[in-house]
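Every read-out reported here was derived from the displayed coordinates using simple, explicitly stated rules and does not represent laboratory data. Given the structure is predicted, the values throughout are model-derived calculations rather than measurements. Cβ coordinates were reconstructed from backbone atoms using ideal geometry, including for glycine residues, and neighbour counts include every protein chain displayed.
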Amino acid sequence: MKKVIVFCITLALFVSCKFGENSKNGNNNDENFTVPKELRTIQGTVVGEKKKKIAFAAVKLYLDDNDCMSAYTDDNGFFEFKVDELRIKDQSHFEIVYKGYAENLLSIRNYDDNKPIVLSKKGKVIPAADYHVFYESIKSCNN
């Protein structure tokens, strides 16, 4: 019985010493607590010149030189990004590519969620092979 009591007292002292040590170092049970990031939802619709919604358009969001996100439009031409506000810079912009249309570059500063992004057939039209290469390449972007 004495051994059990000595063991319990030793264990209690050990635990209290460890707790006191963590308090002095500024460590506590909240050390794994993370502050939620401020997420911004950027969404839109991609349409052709005749306002026809374009499905499967590849949308790349360049946040800066080494940071990008990717999305693909659904059957209704809709895409969406959820991005931390701190990642958005002045030079952040979209690149939208779909076969048979010219590439569209759009600054995020000039983007209005309420207006569709209109792709044009004027200019250098993207062939199907280049579209497929772009479509696959943006999968490597950090989302």
Review point. Taking the Cβ-Cβ separation of Asp130 and Lys53 as r and a Förster radius of 35 Å, what is the calculated FRET efficiency to the nearest 0.05?
Key: 0.95
Practice item. At 7 Å along the Cα-to-beta-carbon direction for both Asp64 and Lys82, put a label point, then send me their distance in nm to one decimal. Key: 2.4 nm
Review point. If you stretched the chain out fully between Arg40 and Asp113, how much longer would it get, using 0.36 nm times the residue separation minus the C-alpha to C-alpha distance?
Key: 25.1 nm
Study note, to complete from the structure: Once amide hydrogens are built 1.01 Å from N within the peptide plane, the residues lying 5 or more places from Cys68 or on another chain with amide H under 5 Å from its amide H are Leu63, Asn142
**Study point:** Sparse-neighbourhood loop sites, GluC sites (Glu not before Pro) in segment 39-143 - DSSP loop, at most 12 other Cβ within 10 angstrom
**Key:** Glu49
